[in-house]
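We did not get these values from a lab; they are worked out from the coordinates using the rules stated. All values reported here derive from a predicted model rather than from experimental measurement. Cβ sites come from the backbone with ideal geometry, for glycine too, and all protein chains shown count toward neighbours.
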Amino acid sequence: MSAIAGIYHMNHEEIHPGRGDALMAQFEPYPADRVHTWQAQGAFLGCHAQWITPESVGEILPFHDR
């Protein structure tokens, strides 16, 4: 099973450096085919993906659209 995690500051305050890495480190005991993160002012998204179906292989997550 894949996991998606995030941090969002409603006041758009900057995410403290390393906070997102600390969040994603909690998933390290579990196997993953791909780990990817995205960060912008006030928001952090992370995905710890396991490719368990043919459709999920190579899927880019977290997906974001400007």
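Loop only by DSSP, 16 or fewer other Cβ within 10 Å of the Cβ. Give me the GluC sites (Glu not before Pro) in the chain that pass, ordered by residue number.
Details: sites: E13, E14, E55, E59; in loops: E13, E14, E59.
Listed in order of number, the matching sites are E13, E14, E59.
Extension gain E28-A43, at 0.36 nm per residue separation less the Cα-Cα distance, in nm? Mind dumping the intermediate values first?
Values: separation 15, 0.36 × 15 = 5.40 nm, distance 2.14 nm.
That works out to 3.3 nm of additional length.
Would you work out the charge dipole size for the chain about its Cα centre, treating the Cβ of every Lys and Arg as +1 and the Cβ of every Asp and Glu as -1, and quote it to the nearest 20 debye? Could the numbers behind the result be given before it?
Numbers: 3 positive and 8 negative charges, 10 e Å.
Using Cβ point charges on Lys, Arg, Asp and Glu, the chain gives about 40 debye.
Please state the Cα pair-distance histogram of the chain with 5 angstrom bins from zero: what percent is in each bin?
4, 17, 27, 21, 17, 9, 4, 1
Report the residue, chosen from H16, H36, H48, that carries the largest GNM mean-square fluctuation when the chain is represented by alpha-carbon nodes joined by springs under 10 Å.
Comparing H16, H36, H48 in the GNM, the peak value goes to H16.
Using the Karplus curve 6.51 cos²θ - 1.76 cosθ + 1.60 with θ = phi - 60°, what ³J(HN,Hα) values do you get for each residue of segment 8-22, in whole Hz, with x for Gly and Pro?
These are the phi-based 3J(HN,Hα) values: 9, 9, 5, 8, 6, 5, 4, 6, 4, x, x, 5, x, 4, 5 Hz.
Loop only by DSSP, 14 or fewer other Cβ within 10 Å of the Cβ. Give me the chymotrypsin sites (Phe, Trp or Tyr not before Pro) in segment 1-61 that pass, ordered by residue number. Please list the in-between numbers first.
Details: sites: Y8, F27, W38, F44, W51; in loops: F27, W51.
Of the chymotrypsin sites (Phe, Trp or Tyr not before Pro), the ones in loops of segment 1-61 whose Cβ has at most 14 other Cβ atoms within 10 Å are W51.
Using a basic spin-label model with each label point 7 Å from the Cα along Cα→Cβ, how many nm lie between E14 and V57?
Reported label-point gap for E14 and V57 is 4.2 nm.
Going by amide H atoms built from the backbone, whose H comes under 5 Å of the H on D33, apart from near neighbours?
The answer is A49, Q50, W51.
Evaluate the relative contact order of the chain (contact order divided by residue number), counting alpha-carbon pairs under 8 angstrom at least 6 apart; express in whole percent.
Working: 98 pairs, mean separation 25.6, N = 66.
The value is 39 percent.
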